[in-house]
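Reading through the structure tokens given below for one structure.
Every number here is computed from the coordinates shown, using simple stated rules; none is lab data. Note that the structure is a prediction, hence the values are computed from the model and not measured. Every residue, glycine among them, receives a Cβ derived from its backbone with ideal geometry; neighbour counts consider all protein chains shown.
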2 protein chains.
Amino acid sequence: MTNPLIRHLEQFGSLTEDEKQVLESLVVRFVSFRADQDLVSDGDVVAECRLLITGFACRYKLLPDGRRQIMSFQIPGDICDLQGLLLNKLDHSISALVPSTVALIPHQVLQEVTDAYPDIARALWRSTLVDAAVFREWIVNVGNRQAAARLAHLVCEVGMRLKAVGLVQDDSFVFPVTQIQLGEALGISTVHVNRVLQELRRQELFEFRSGKVTIYDWDGLTKAGEFDPSYLQIMSRNDTDANVTPFDRSQKRIRPGWHSEAHEVR
Amino acid sequence: MTNPLIRHLEQFGSLTEDEKQVLESLVVRFVSFRADQDLVSDGDVVAECRLLITGFACRYKLLPDGRRQIMSFQIPGDICDLQGLLLNKLDHSISALVPSTVALIPHQVLQEVTDAYPDIARALWRSTLVDAAVFREWIVNVGNRQAAARLAHLVCEVGMRLKAVGLVQDDSFVFPVTQIQLGEALGISTVHVNRVLQELRRQELFEFRSGKVTIYDWDGLTKAGEFDPSYLQIMSRNDTDANVTPFDRSQKRIRPGWHSEAHEVR
DNA sequence: CGCAATATTGACCATCATCAATTGGCGTGG
DNA sequence: CCACGCCAATTGATGATGGTCAATATTGCG
């Protein structure tokens, strides 16, 4: 398995062999987290960045009345708190959705490397810019779309990003969230999540059961969610793979054989 | 008047004299825009960054049904499309709210400067990270708060940011948006914006008339909007100015004499 | 002075929240 | 191995926040 950080950064641009070698050396140690445990908490001052290796996490803020707003989901390869490198204090928390492992990269190391390798600095910067693009689209999602479209859009986004790192097989992928968490991400109540989920299943767009999503109709789903993947800035990895659509575009046909690695959670 | 870019970047961290001098030399030319004209449009591939000098702008995306979601407001000093430096294509548009002037900074120049001055690169990176923090808070606003709280929060955010660049005087500031645009920013209908605006005025929190906001009760407003400014990462400029609260905290008392420069629009 | 855009108001309605109860799944301890 | 218990999922009923439509008033501007 290739280095998750390198794979992550190569989504958005290429790296030289030299740079890859440097990136290989960044991680100092690994840490495990239980489900529902914070990787970092609002207000923390951190001395290292957390690179998610296995598992899933979510970025969230707590509101005064105890409600929670999830602002993004993090998947393997994501650097969860890269902004901590330049901003003194975290303004939100990140929590593991399932048991997860994280690689720690000390800020000091990152500081030195980005000084010495401007292209690595740029690659990391670019990664945070894509994060910002995801936030923007998330604003559109909760600000303007109906509940069903919001959910469809979220499934498209997560599916697309998981596909880009090889975590989609046979049009299905692990997405270990509860309906409660979906509600917190979409700004709708749990009850309504449930109803919308049923509606989308009835329309045979996709199914979501016990933390696993199976796409039946990618075209219909993107239409329902008004999903346009360009904001994710995912480039095809090699020239032969010009097809940027992550899922089988044919209607309701299941086809095996997507290149991807198994990923264990829970 | 100090260089807007320098003033902007110094909000988040200090710069050396050497770096300031370099920053002085970045702008190649100025461009004017009419109200409602796009500074950049969705899909554009740009070769320079746009630094807003005077006026106001908003970042937005158009939805298939013609609705519009505003994702942030840009004020003088903001670099509107810094992400264009590293991402090939803009994923949204930026439009002038009023006649505005913009300074253009070629990507090539920025490229060279950031290669030669890692600290400048970091300062710019930090600026985009603060943008991302604003997006995150915007998600919370639109996703979880009631209409009145959304509006209150937005007024707090814009007021705070304007204050940081000296565009607030006597507890009031120019904020040239229509109720239509407020609705597009907050994800609520124009009609409802109007009603909520009246409600907040009735509560004597603030007044909004013909593009100008006057704060009556900063404490009450922050409470109503659940506003906590820490996400904006605004640091006090000098040691004597340890007070980070931008407005007079006393209730409904008008006090002149905030240090600030006049700013002309329309 | 008059047009056009914005603001305002009222009436009615839809999406979605809330509350409450039930079911289902799953791990654990007896 | 089964029962208990807990959490998530599901369903039904009711209500509120905010949307839509339409008409009128107001403001800014040429």
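Quick one: which of A:163/A:212; A:61/B:212; A:223/B:89 span more than 19 angstrom between C-alpha atoms?
A:61/B:212; A:223/B:89
Under 5 Å between amide hydrogens, built in the peptide plane, is the criterion, and for residue A:216 it picks out A:206, A:207 among residues at least 5 positions away or on other chains. A simple charge model with +1 on the Cβ of Lys and Arg, -1 on the Cβ of Asp and Glu and nothing else charged puts the dipole of chain A at about 960 debye relative to its Cα centre. In terms of other Cβ atoms within 10 Å, A:32, A:172 run from fewest to most in the order A:32, A:172. For the range B:4-128, the square roots a ≥ b ≥ c of the C-alpha gyration tensor eigenvalues yield an a/c of 1.5 or more together with a/b exceeding b/c, which makes the shape prolate. Our note on the geometry: Cα centres of the range A:113-151 and the range B:63-128, 14 Å apart. In the elastic network of chain A, a GNM with C-alpha springs shorter than 10 Å, the most mobile of A:102, A:134, A:174 is A:134.
For peptide A:183-190, compute the average count of partner chain beta-carbon atoms within 10 Å of each residue's beta-carbon.
Other-chain Cβ atoms within 10 Å of each residue's Cβ, averaged: 2.
By the beta-carbon count within 10 Å of each Cβ, the least crowded to most crowded order of A:91, A:171, B:65, fewest first, is B:65, A:91, A:171. From least to most packed, judged by other beta carbons within 10 angstrom and beginning with the fewest, B:33, B:208 follow the order B:208, B:33. Take each residue of peptide A:82-92, count the partner chain Cβ atoms within 10 Å of its Cβ, and average: the result is 6.
Applied to the range A:64-71, the Karplus parametrisation 6.51 cos²θ - 1.76 cosθ + 1.60 on θ = phi - 60° returns per-residue 3J(HN,Hα) values of x, 7, x, 5, 10, 10, 8, 10 Hz, with x for Gly and Pro. The mean sequence separation of alpha-carbon pairs under 8 Å and at least six residues apart, normalised by the residue count of the range A:4-128, gives a relative contact order of 37 percent. Quick one: Debye curve from the C-alpha atoms of the protein assembly as shown, no solvent, what's log10 I(q)/I(0) at q = 0.05, 0.12, 0.13 Å⁻¹? With no solvent term, the Cα-only Debye profile gives -0.19, -1.20, -1.41. Considering helices alone, the calculated mean residue ellipticity of chain B at 222 nm is -11500 deg cm²/dmol, with DSSP H runs of length four and up weighted by -39500 (n - 2.57) and normalised per residue. Return the single residue from A:149, A:123, A:132 with maximal mean-square fluctuation; model: Gaussian network over chain A, springs between Cα atoms under 10 Å. For chain A, modelled as a Gaussian network with Cα springs under 10 Å, the answer is A:132. Plainly put, the tip 7 Å out from Cα toward Cβ on residue A:16 is 2.5 nm from that tip on each other copy, the closest given first. Pairwise inverse Cα distances across chain B, averaged and inverted, put the Kirkwood hydrodynamic radius at 19.1 Å. Between A:17, A:184, A:207, the residue with the greatest mean-square fluctuation in the GNM of chain A (Cα pairs under 10 Å linked by springs) is A:17. Under a model in which nothing but the beta-carbon of Lys, Arg (+1) and Asp, Glu (-1) is charged, the protein assembly as shown shows a dipole of about 1920 debye around its Cα centre. Between the listed residues A:39, A:2, A:22, the Cα displaced farthest toward the positive end of the dipole of the range A:1-40, a dipole computed from Cβ unit charges relative to the Cα centre, is found at A:39. Which shape class applies to the range B:145-232: rounded if a/c is under 1.5, otherwise prolate when a/b exceeds b/c and oblate if not, where a ≥ b ≥ c are the square roots of the Cα gyration tensor eigenvalues? Since a/c stays below 1.5, the shape of the range B:145-232 is classed as rounded. Among the DSSP helices (H) of chain B, those spanning at least 30 angstrom by Cα along their long axis with an average Kyte-Doolittle hydropathy of 0.0 or more are B:118-144; this is a geometric and hydropathy rule only.
Distances from residue B:29 to itself in the other copies, using label points 7 Å out along the Cα-Cβ axis, amount to 5.7 nm in increasing order.
Taking the label point 7 Å along Cα→Cβ, residue B:207 and its counterparts in the other copies are spaced 6.2 nm apart, in ascending order.
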